[in-house]
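Colleague: The structure follows.
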Amino acid sequence: MKFTVVTILPELIEPALAAGVVGRAREAGVIAVATVNPRDFTTDRHRSVDDTPYGGGPGMVMKPEPLLAAIAAAAGEPRAHRILLTPAGAPLTQARVRELAALPEVVLVCGRYEGIDERVIELAIDEQLSIGDYVLSGGELAALVVIDAVARFVPGVLGEASSLDDESHSAGLLEYPQYTRPLRLADPAGPDRAVPEILTSGNHAAIAAWRRRQAIERTAQRRPDLFARFAPTAADRKALPPALHARTHLALVHHPVVDRTGAVITTALTNFDIHDLARSSLTYGLAGYHIVTPIASQRDKAEHIAKLWIDDAQGEHRARALALVRTADSVDTVMANLTEQHGLAPLVVATSARHESFPAAARRSPAELVAEVSLNPAPLLLLLGTGWGLADALIPSVSRVLAPIEGTSDWNHLSVRSAGAILLDRLFGR
Ligand code: 4GY
């Protein structure tokens, strides 16, 4: 594979690719790297590659003519794929790196100064890539990153020993931790740091399982965004707790909640709340939907409504949803029931439209909550408040709070049914 870098600073490119895996691959002729300098395509006495920006403003812009001539010379015939390195490009991913490695030749165009004339992009660039959301003083370091990452996928660049297969198996996960000798490393601040015992057990299956688990745990802890897209394999599902949605319960709390003045009240049951949240609960695969009210006649009413639909032959699909409905006199009772049902106490998560509620509980985004609790086998109990929201009396039970759902206006009074559905989608929606 051939890489041609278009740059006014070729001296930045060569030495960085002289050593290591890429340097050896170049010596072996598996990859080739060349540079083309736009300055060699200037026609004026000063060999200028930049000029002042039309419209004014600070700095200089790369002139189109020398750059276009350099790109044309670099791309040759048949024309190679031409990439511009810029923070305005598409984020470079390992998937794109792998695809680029299948091309016979790529041209990497490096800008300097404030940028390049836009018409160069229109006329002579096939793809714009960014290596991250920061601004370099030129595209050269980004081009080196692309060459290094792509070269590793070119056959013959990596030795037999380092396997790219292992990486595809763990695609989308962070790497597991690595250790080498010595077995015990001195820590001046405390006891020796030992290598995890499993790695010296000689049990290869157990080591593979441990490494996989470490990769999954690190991803959950450090990269909730990656974890949200992690698709467990059949083997992972056996080793990990059941899917979070299947051990998540929703509780619609009618007491203790507050009214508009902040006074603690008990709200009345609403028929729509029972129906619609039951249907949302089944849609997202929850384990149960609990109607919480201390008023016995209200619990009877909820059970009656659920049973009406469960018994109605015409409403077969609704029957499945309403079969999720349970009633309880308090949040404590729901917690006790879940502890009994799952053999573990639930993690209780409050939702609130007000930022100041439950100040002592840790605030979580939906992705953070999913990443944090997916590997913990405890059931999850999501509390939805009726009225003006959950009362402070629930503070001792609540260990996490989900941030309020924010719309785009200053008016924020979603129905509890809508808020619940939005929340379930943010937690579990695909
Ligand atoms: N980030 N990813 C990046 C960059 C420098 C002014 C245009 C990046 O890819 N390239 O920061 N490039 C700028 C400097 C001209 C390129």
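The values are calculated or read from the model by the stated rules, or taken from the named source; none is laboratory data. On a predicted model such as this, the values are computed, not experimentally measured, just so you know. All Cβ positions, even for glycine, are placed from backbone atoms using ideal geometry, and neighbour counts span all protein chains on display.
Colleague: With respect to Leu369, determine if the residue is closer than 18 Å to Ile422 by Cα, modelled with pLDDT of 95 or more and surrounded by 18 or more Cβ atoms within 10 Å (Cβ to Cβ).
Modeller: It is true that Leu369 is closer than 18 Å to Ile422 by Cα, modelled with pLDDT of 95 or more and surrounded by 18 or more Cβ atoms within 10 Å (Cβ to Cβ).
Colleague: Moving to a separate point now. Can you tell me how many residues in region 48-60 are within 20 Å of Leu108 (Cβ to Cβ) and in a strand (DSSP E or B)?
Modeller: 1
Colleague: Looking at region 328-345, can you tell me whether even one residue there is part of a strand (DSSP E or B) and either among the aromatic types (Phe, Trp, Tyr) or under 24 Å from Arg426 (Cβ atoms) (or both)?
Modeller: Within region 328-345 (the criterion being part of a strand (DSSP E or B) and either among the aromatic types (Phe, Trp, Tyr) or under 24 Å from Arg426 (Cβ atoms) (or both)), the answer is no, since none of the residues qualifies.
Colleague: Among the residues of region 81-105 satisfying the criterion of being exposed (fewer than 13 other Cβ atoms within 10 Å of the Cβ), among the aliphatic types (A, V, I, L, M) and within 16 Å of the ligand (Cβ to nearest atom), which is nearest to the chain's Cα centre (by Cα)?
Modeller: Ala90
Colleague: Is it true that Asp166 is more than 8 Å from the ligand (Cβ to nearest atom), within 29 Å of the chain's Cα centre (by Cα), surrounded by fewer than 17 Cβ atoms within 10 Å (Cβ to Cβ) and modelled with pLDDT under 95?
Modeller: yes
Colleague: Out of the residues in region 396-414 meeting the condition of being touching a residue at least 40 places away in the same chain (Cβ under 8 Å) and part of a loop (DSSP other than H, G, I, E, B), tell me which one is surrounded by the most Cβ atoms within 10 Å (Cβ to Cβ).
Modeller: Only one residue fits best here, namely Val398.
Colleague: Then there is this: If you go through region 18-42 one residue at a time, how many are farther than 30 Å from Gly159 by Cα and in a loop (DSSP other than H, G, I, E, B)?
Modeller: 2
Colleague: Separate question: Here are some conditions: (1) over 36 Å from the mean Cα position of the chain (by Cα); (2) more than 16 Å from the ligand (Cβ to nearest atom); (3) over 30 Å from Gly159 (Cβ atoms); (4) not acidic (Asp, Glu). Leu123 meets all but one. Which one does it not meet?
Modeller: In the conditions (1) over 36 Å from the mean Cα position of the chain (by Cα); (2) more than 16 Å from the ligand (Cβ to nearest atom); (3) over 30 Å from Gly159 (Cβ atoms); (4) not acidic (Asp, Glu), Leu123 misses (1) alone.
Colleague: Condition check: loosely packed, with under 14 Cβ neighbours inside 10 Å and at pLDDT 95 or above. Does Asp312 satisfy that?
Modeller: When the stated conditions are applied, Asp312 does not pass them.
Colleague: Tell me which residues, restricted to region 319-331, are surrounded by fewer than 17 Cβ atoms within 10 Å (Cβ to Cβ) and over 26 Å from Pro256 (Cα atoms).
Modeller: The one that is surrounded by fewer than 17 Cβ atoms within 10 Å (Cβ to Cβ) and over 26 Å from Pro256 (Cα atoms): Arg320.
Colleague: Tally up the residues in region 52-67 that are within 16 Å of the ligand (Cβ to nearest atom), surrounded by fewer than 14 Cβ atoms within 10 Å (Cβ to Cβ) and either of a type in the set (D, E, K, R) or on the phi > 0 side of the Ramachandran plot (or both), please.
Modeller: Total satisfying the criteria: 2.
Colleague: Limited to region 347-377, what total is found for residues that are touching a residue at least 60 places away in the same chain (Cβ under 8 Å) and either part of a loop (DSSP other than H, G, I, E, B) or not aliphatic (A, V, I, L, M) (or both)?
Modeller: 10
Colleague: On the given criteria, is Leu158 more than 16 Å from the ligand (Cβ to nearest atom), out of contact with any Leu (no Cβ under 6 Å at 6 or more places or on another chain) and free of Cβ contacts under 8 Å to residues at least 24 places away in the same chain?
Modeller: The answer is no for Leu158.
Colleague: Taking interchain pairs and intrachain pairs at least six residues apart, which have beta carbon atoms under 7 angstrom, with the first residue in region 51-78 and of a type in the set (D, E, K, R) and the second surrounded by 17 or more Cβ atoms within 10 Å (Cβ to Cβ) and modelled with pLDDT of 95 or more?
Modeller: That search, which allows pairs on different chains as well, returns Asp51/Val61; Asp51/Lys63; Lys63/Val49; Lys63/Asp50; Lys63/Asp117.
Colleague: Moving to a separate point now. For region 68-80, which positions are touching a strand residue (DSSP E or B) at 6+ places or on another chain (Cβ under 6 Å), away from the ligand (no atom under 16 Å from the Cβ) and within 13 Å of Asp126 (Cα to Cα)?
Modeller: Once the filter is applied, which keeps residues that are touching a strand residue (DSSP E or B) at 6+ places or on another chain (Cβ under 6 Å), away from the ligand (no atom under 16 Å from the Cβ) and within 13 Å of Asp126 (Cα to Cα), region 68-80 yields Ala75, Ala80.
Colleague: Quick one: which of Val109, Val150 is away from the ligand (no atom under 12 Å from the Cβ) and buried (at least 22 other Cβ atoms within 10 Å of the Cβ)?
Modeller: Val150
Colleague: Does Arg45 satisfy the condition of being part of a helix (DSSP H, G or I) and away from the ligand (no atom under 16 Å from the Cβ)?
Modeller: no
Colleague: Within region 264-302, count every residue that is exposed (fewer than 14 other Cβ atoms within 10 Å of the Cβ) and part of a strand (DSSP E or B).
Modeller: Residues that pass the stated criteria total 1.
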